[in-house]
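S.K.: Take this structure first; my questions come after.
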């Protein structure tokens, strides 16, 4: 798994969401690296990490453990946004003794309905070999009904090559694994694992990813959960209100570290 490590101290892993890369939580990493070792990862099928044909939260949690082992880290705090939050939660549930705390940004430990069809359609229909440049790519994505901030975010995955452009991410692999990524493996009637350690769920006030309907599922799996709402922002709360978001995460982890 590709990663960047900065700072020294107790370890914190920062895990991005779907279509992202390790730069997504860079601002948070910079806020933490004075006191902690901060490891920002490219999730498999994203950034510079390996392309996987099969991707679910069980094998993703195992990949997080393999990275900690590779780095010689016994325990770490895990912070993730959206899909990255699910990876953090799945890792804590499967390997609770290795996880000091969990921060899940605008995501709950539940299965979601599909909501990325327009994005997949926009990305798959982009004529990579005929592209003249990023402005043309942006116009194409906007024409598929994607808003400008999301389009700009998606285009961070576009890489110029000798024969045109390519996606850094494994777009086909993500589409194949999409049902697993919006799903959740830790739900009744299966055996429900529990993480008893400290956890913080931060939601965007204008987002529908975490609602009152998810409260029971959160507390069933994370009984020590705390909750915060950032008003005036949506799903991309870490980008929309970075100063407040970074402060909330830092204060939470500081409390667990002292």
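S.K.: How many residues are closer than 19 Å to residue 89 by Cα, modelled with pLDDT under 95 and assigned to a helix (DSSP H, G or I) if we restrict to the range 222-254?
M.R.: Residues flagged as closer than 19 Å to residue 89 by Cα, modelled with pLDDT under 95 and assigned to a helix (DSSP H, G or I) within the range 222-254 amount to 2.
Residues checked against (1) surrounded by fewer than 16 Cβ atoms within 10 Å (Cβ to Cβ); (2) more than 30 Å from residue 110 (Cβ to Cβ); (3) at pLDDT 95 or above; (4) in contact with a helix residue (DSSP H, G or I) (Cβ under 8 Å, 6 or more places away or on another chain):
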| site | (1), (2), (3), (4) |
| --- | --- |
| 145 | yes, no, no, yes |
| 148 | yes, no, no, yes |
| 159 | yes, yes, no, no |
| 167 | no, no, no, yes |
| 181 | no, no, yes, yes |
| 186 | no, no, no, yes |
| 191 | yes, no, no, no |
| 198 | no, no, yes, yes |
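S.K.: Consider the range 93-110. How many of its residues are under 24 Å from residue 230 (Cα atoms) and either modelled with pLDDT under 95 or crowded, with 23+ Cβ neighbours inside 10 Å (or both)?
M.R.: Adding up the residues that qualify gives 9.
The values are calculated or read from the model by the stated rules, or taken from the named source; none is laboratory data. This structure is a prediction, so every number in the text was calculated from the model and none was measured. Using ideal geometry, Cβ is built from the backbone for each residue, glycine included, and neighbour counts are taken over all protein chains shown.
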